[in-house]
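Okay, so here's the structure we're looking at.
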Amino acid sequence: MTTNERPFDLLNKSVGQRVFIRLKNNVNIRGRMSSFDAHMNVVLEEAEELDGSELKTKLGTILLRGGNIIFVSPA
Amino acid sequence: MTTNERPFDLLNKSVGQRVFIRLKNNVNIRGRMSSFDAHMNVVLEEAEELDGSELKTKLGTILLRGGNIIFVSPA
Amino acid sequence: MTTNERPFDLLNKSVGQRVFIRLKNNVNIRGRMSSFDAHMNVVLEEAEELDGSELKTKLGTILLRGGNIIFVSPA
Amino acid sequence: MTTNERPFDLLNKSVGQRVFIRLKNNVNIRGRMSSFDAHMNVVLEEAEELDGSELKTKLGTILLRGGNIIFVSPA
Amino acid sequence: MTTNERPFDLLNKSVGQRVFIRLKNNVNIRGRMSSFDAHMNVVLEEAEELDGSELKTKLGTILLRGGNIIFVSPA
Amino acid sequence: MTTNERPFDLLNKSVGQRVFIRLKNNVNIRGRMSSFDAHMNVVLEEAEELDGSELKTKLGTILLRGGNIIFVSPA
Amino acid sequence: MTTNERPFDLLNKSVGQRVFIRLKNNVNIRGRMSSFDAHMNVVLEEAEELDGSELKTKLGTILLRGGNIIFVSPA
């Protein structure tokens, strides 16, 4: 079975939406994705660092390097 | 002996199917693969993080970066 | 939903402004960004290494390699 | 002394044969290699994770990312 | 706001000058930079390895691989 | 002083000869090198994993990924 | 201030000379460099692994992968 969908379609559909991102150092980040590029660099607005599912630190707007990401999920 | 099969054929046949993925940080993920690309980035639906073979966390739809993957297996 | 914004637009808007940068070794750096390039290498002026949100060491002007960055945030 | 043999010839001769693979995280995997590509990504059938030389877990068919491999050996 | 400055301008201005370099393994190096290239490889003369800000070892002239660098700062 | 020799000449001269290889995980391997490529991937025959200079495990023929190698030495 | 010197000039001048090399795993190696390439792969003759500045192991001729190097210094 083949498909014409590609993984980055999920990022494209998530622009303007809230996402949950797990990083390699086991940090979890939540925020509203305003843009992304081919390296999976993303800009999040109202970003928050989480401890489990609890808010740990408000980060504001951040540009996150794609290389640190394990997965991105629509929140 | 040569073959015309290539490793990514296994991904192609797994689109729409359930897969089991082991990550470098020893996390195991299970879900239904809806797409993949040449970097082995994959989108999983109804993804679950496992503790051994037990459900640990429901993750929903995720875009998983290929660079974190050790192996992918049809579930 | 698509957008014409790209993640590096955030860097472009931050030139001359104060930014907060988290590095992979969990060091936090603060300073005024005077330039950046496509590898996310950045020059910061009046850079400070932080311990939590407290000043730990004054670093002066630094050229920070992009590969060490987890995220950049307008301060 | 020169040779016309190349390292990947060993992979080519191993298609359809059982191989032993040591991974970077010190996991050992055994299985029948059905395909490989230029990144040393390999598909193994009837793959087994080993504890020393003892069977630890049956993995079935897996697509193993080449970047995790230390060495591949005909079993 | 845009700028025509690029991060490597700081390296260019530092040729012949003393610089402080922090490496990924938390080693600090000080010396006079005599050349650099696009990979941020640098040659330092009268290089010294520091323990905090104290001299630990005199290294003489060294060619330092750019990939080990966290940041470079005019001393 | 310049030279026309290149580091891979040492590999070329070692084809058919016994070599000692130190890997990044501090494992030492010894064997007869039958081929190599531009990534420093090598095939060793009668390969042995060493504990210090003592035989630890006979590995037979192996294809070793170049990225794991610290150094190769004619034995 | 600009210069026409490039960091690899130091390697070029060191061909046939003794060099000291620090590796990422904190191993120090000393030997006479007979060749190098653009990846900073180097061949050392009469190479010695050091414990501090003391001889630990005689390695003979080695081909050292550039990616493991922190710095190279004329001895």
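The values are calculated or read from the model by the stated rules, or taken from the named source; none is laboratory data. Nothing here was measured: the structure is a model prediction, and the numbers come from that model. FYI the Cβ positions are ideal-geometry reconstructions off the backbone, even for glycines, and counts take in every protein chain you see. Accessible surface areas use protein heavy atoms only, side chains included; no ligands, DNA or RNA. Shrake-Rupley method; radii C 1.70, N 1.55, O 1.52, S 1.80 Å.
Regarding the range C:37-58, can at least one residue be identified that is under 19 Å from A:ASN25 (Cα atoms) and out of contact with any strand residue (DSSP E or B) (no Cβ under 6 Å at 6 or more places or on another chain)?
The answer is yes, given that some residue of the range C:37-58 is under 19 Å from A:ASN25 (Cα atoms) and out of contact with any strand residue (DSSP E or B) (no Cβ under 6 Å at 6 or more places or on another chain).
Here is a yes/no grid of residues against (1) under 18 Å from D:ARG22 (Cβ atoms); (2) modelled with pLDDT of 95 or more:
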| residue | (1), (2) |
| --- | --- |
| F:THR3 | no, no |
| F:GLY16 | no, yes |
| F:GLY31 | yes, yes |
| F:SER34 | no, yes |
| F:MET40 | yes, yes |
| F:GLU46 | yes, yes |
| F:GLU49 | yes, yes |
| F:GLY67 | yes, yes |
| F:PRO74 | no, yes |
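Which members of the range F:47-68 meet the condition of being among the acidic types (Asp, Glu) and touching a Lys or Arg at 6+ places or on another chain (Cβ under 9 Å)?
Initially, the range F:47-68 is screened for residues among the acidic types (Asp, Glu), giving F:48-49, F:51, F:54.
Scanning the range F:47-68 gives F:GLU48, F:GLU49.
Which numbered condition in (1) assigned to a strand (DSSP E or B); (2) at pLDDT below 95 is the only one that A:ASN25 fails?
(1)
Under the condition of being farther than 21 Å from E:MET40 by Cβ and either open to solvent by less than 30 Å² (accessible area, probe 1.4 Å) or among the hydroxyl-bearing types (Ser, Thr, Tyr) (or both), which residue from the range G:20-29 is farthest from the other protein chains (Cβ to nearest Cβ)? Break it down stepwise before answering.
Taking the range G:20-29 as the starting set, the residues that turn out to be farther than 21 Å from E:MET40 by Cβ are G:20, G:25-29.
Narrowing further to those that are either open to solvent by less than 30 Å² (accessible area, probe 1.4 Å) or among the hydroxyl-bearing types (Ser, Thr, Tyr) (or both): G:27-29.
Details: G:VAL27: 8, G:ASN28: 11, G:ILE29: 8 Å.
Taking the candidates together, the pick is G:ASN28.
Kindly check whether there is at least one residue in the range A:5-13 that is open to solvent by less than 20 Å² (accessible area, probe 1.4 Å), within 12 Å of chain C (Cβ to nearest Cβ) and either in contact with a Gly (Cβ under 7 Å, 6 or more places away or on another chain) or within 13 Å of C:ILE70 (Cα to Cα) (or both). I'd like the intermediate steps shown before the answer.
Kept after step one, since they are open to solvent by less than 20 Å² (accessible area, probe 1.4 Å), are these residues of the range A:5-13: A:7, A:11.
Imposing the further condition that a residue be within 12 Å of chain C (Cβ to nearest Cβ) reduces the set to A:11.
After this cut, where a residue has to be either in contact with a Gly (Cβ under 7 Å, 6 or more places away or on another chain) or within 13 Å of C:ILE70 (Cα to Cα) (or both) as well, the list is none.
No, every residue in the range A:5-13 fails to be open to solvent by less than 20 Å² (accessible area, probe 1.4 Å), within 12 Å of chain C (Cβ to nearest Cβ) and either in contact with a Gly (Cβ under 7 Å, 6 or more places away or on another chain) or within 13 Å of C:ILE70 (Cα to Cα) (or both).
Considering only residues of the range F:1-36 that are farther than 25 Å from D:ASN26 by Cβ and among the hydrophobic types (A, V, I, L, M, F, W, C), which is farthest from the chain's Cα centre (by Cα)?
F:MET1
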